[in-house]
Amino acid sequence: MMRPERALLPLLLVPVLLTGCGADESGGAASGGAGLDAAARVWGVAPELVYVTEVSGYTVFQESVGEYDDEFVAAYRSEKGAGKFGLFVGRGTMTAESCPEQPLGEVSDQQVTCVHDGDAWYRTAGDSHEYAVPDGGVVIHLIADADKVDRAILRKAAEAVHRPDDAELAALLPATDGAGT
């Protein structure tokens, strides 16, 4: 179930995430089989909430990775423009019945339109759009301003969402002073 605080998060928090949110508290990069657990502890989230994605032309903003209101968050920005989207992972479900009832970003006062698209839901409301991907008790939200990031980019991000391997975790964690990669 989506809480009201989460409803405002996506569009309001992405600028804050791009300026950092405490991710510098890391003790180093993840390694070994316990890498996911260690990284999740650094971010203050449950390991089952940690997901990543990849889209050509977009990179994760390392300082944005962390926890907000019991969710895992990361901002991805375009390498050649102002486009950015947020990845938010929280516990919950999304069905045909619940999809239009759950607010989409800061536009909680507008009707949410839902279209089932493969394993995900494409959702629109106001100037925002997202792909919501339910996965075993969590929902991964990939949200952006519709005029800055087109649907095709969000769809690619939704299709590429996955649990990170140790190399991806290491790339998300800030490097320690003097440490190599």
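No value in this document is a laboratory result; all are computed from the given coordinates. None of the values given here were measured: they were computed from a predicted structure. For neighbour counting, all protein chains shown are included, and Cβ atoms are generated from backbone atoms with ideal geometry for every residue, glycine included.
Laid out as a table, the results:
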{"quantity": "Virtual spin-label span in nm between THR113 and ASP69, 7 Å along Cα→Cβ", "calculated": "2.5"}
{"quantity": "Sum of side-chain charges, ALA74 neighbourhood, beta-carbon under 12 Å (Lys, Arg +1; Asp, Glu -1)", "calculated": "-3"}
{"quantity": "Segment THR95-LYS80, length gained on full extension (0.36 nm per residue, minus Cα span)", "calculated": "1.8 nm"}
{"quantity": "Partner aspartates and glutamates for LYS148 [C-alpha distance under 19 Å; skip if fewer than 8 residues away on the same chain]", "calculated": "GLU54, GLU79, GLU106, ASP127, GLU130"}
